[in-house]
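Q: So that we are looking at the same thing, I have put the structure below in structure tokens.
Computed from the coordinates by the stated procedures, all read-outs in this text should not be read as laboratory data. Just so we're clear, the structure is a prediction, and the values are computed from it rather than from any experiment. FYI the Cβ positions are ideal-geometry reconstructions off the backbone, even for glycines, and counts take in every protein chain you see.
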Ligand code: COA
Ligand code: MG
């Protein structure tokens, strides 16, 4: 299942126009930060926000979460300047919004290649338009092409709701099928995938329920809008003590001498196959309990 990456359980949006919020970044416990130049920044503030990012990155702290910059769409009046500024900041990834078709990814890659961007600069894309939903399989294919840089899908649920007219309910029943499809496509392409934001940042109980659900759906993490949401996201997307105990039991069962070389065994009245061992090892690795083999 691909390489081990840094976890992306709690990924916080920080408007690049908000000086106080930016100043907090190095002290937050989130796994990643998305500096936003797009929808959180008013048109009159776009240029100043870009400059603020340049300054922050020039004095980039030693210890920081994974750093991503969300630019405006390339076809917008700010797109090109945003991309050049973002590239100069040298973040870990650039997040492209309003992606519709594979063409958008080709255009982005062409522009980055022209500016001699380093190979390790990754691309994240928002899945937030009806067209992106319909093109999910083709978009995910880029995950198999190293040159395309694609590393992560980010659900843009507010935009999807706006574009489709679907009713937003607390249990997200009408958008859940789209979210599940995003997870499926991401896995097909070997990509990470992050759930959309919860707007109601004062209701942490509802937020945690949404995180637990997203984790059960297979998301790697959740995008956040407020620091108060970090803790619950870290907790919900980390393997639970029960899941760790279960995985350790599976590992121990296959390690028994009498089970050496067996493809399928029984444990407490349940069938366990080698694929369950692989699944258990992956979970234990995520929990920092990898078996170190020489
Ligand atoms: N990142 C870092 N710090 C943040 C933050 C964020 N996303 N959101 C709030 N804070 C800080 C505030 O600056 C404030 O700092 P202070 O104590 O030094 O004044 C503190 O946390 C408490 O903030 P609070 O008063 O509870 O919220 P607010 O009214 O200042 O801001 C929002 C509320 C929603 C406007 C703000 O959280 C925000 O802009 N979130 C991100 C929105 C975004 O990026 N949207 C685009 C993607 S969906
Ligand atoms: Mg959006």
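Q: Relative to the first principal axis of the alpha-carbon coordinates of the chain, what is the inclination of helix 204-217, with its axis defined by its Cα atoms, in degrees from 0 to 90 and to the nearest 10?
A: 60 degrees
Q: Can you give the helix-only mean residue ellipticity at 222 nm for the chain, where every DSSP H stretch with n ≥ 4 adds -39500 (n - 2.57) and the sum goes over all residues, rounded to the nearest 500 deg cm²/dmol? Before the final figure, lay out each step's value.
A: Numbers: 12 runs with 124 residues, N = 294.
Value at 222 nm, helices only: -12500 deg cm²/dmol.
Q: I've got another one for you. Using a 10 Å cut-off around each Cβ, can you sort 200, 159 from fewest to most neighbouring Cβ atoms? Mind dumping the intermediate values first?
A: Details: 200 13, 159 19.
Arranged by neighbour count, lowest to highest, 200, 159 become 200, 159.
Q: Here is a further query. Need one number: nm distance between label points at residue 5 and residue 64, each 7 Å from Cα along Cα→Cβ, rounded to one decimal.
A: For residue 5 paired with residue 64, the spin-label model returns 1.9 nm.
Q: On C-alpha positions alone, give me the angle between the axis of helix 176-188 and the longest principal axis of the chain, in degrees, nearest 10.
A: It works out to around 80 degrees.
Q: Which percent, nearest 5, of DSSP beta bridges in the chain are antiparallel? Present the calculation step by step, with values, prior to reporting the outcome.
A: Working: 4 of 34 bridges.
Rounded to the nearest five, the antiparallel share is 10 percent.
Q: Can you give the Kirkwood hydrodynamic radius of the range 241-286 from its Cα pairs, in Å with one decimal?
A: Numbers: mean 1/r = 0.0944 Å⁻¹.
Hydrodynamic radius (Kirkwood, Cα pairs) of the range 241-286 is 10.6 Å.
Q: Moving on to the next point. Stick to the Cα atoms of the range 10-236, pair each with every other, and give me the Kirkwood hydrodynamic radius in Å at one decimal. The partial results should precede the final answer.
A: Numbers: mean 1/r = 0.0568 Å⁻¹.
It is 17.6 Å.
Q: For the chain, find the longest principal axis of its Cα atoms and tell me its angle to the long axis of helix 46-58, 0 to 90°, nearest 10.
A: Approximately 60 degrees, to the nearest ten.
Q: Another one. Applying a 10 Å radius around every beta-carbon, put 219-227, 35-43, 128-136 in order of their mean neighbour count, most first.
A: Details: 219-227: 23.4, 35-43: 20.8, 128-136: 18.1.
Top to bottom by mean Cβ count within 10 Å: 219-227, 35-43, 128-136.
Q: Still on this structure, please answer the following. What is the ratio of the Cα radius of gyration of the range 121-269 to 2.2 N^0.38 Å, where N is its residue count, to two decimals?
A: Working: Rg = 18.5 Å, N = 149, 2.2 N^0.38 = 14.7 Å.
Cα-based Rg divided by the globular estimate yields 1.26.
Q: Sticking with this structure for a sec: For the range 49-147, what is the convex hull volume of the alpha-carbon atoms per residue, in Å³? Can you show the working numbers first?
A: On the way: hull volume 10.4 nm³, N = 99.
Taking the convex hull of the Cα positions in the range 49-147, it is 105 Å³ per residue.
Q: In whole angstrom, and with the biggest value first, how far do the Cα coordinates of the range 102-159 range along each principal axis?
A: Computed over the Cα atoms, the extents are 33, 21, 17 Å.
Q: Treat each spin label as a single point 7 Å out from the Cα along the C-beta direction, and report the residue 248 to residue 20 distance in nm.
A: Each label point lies 7 Å from its Cα, and together they span 4.4 nm.
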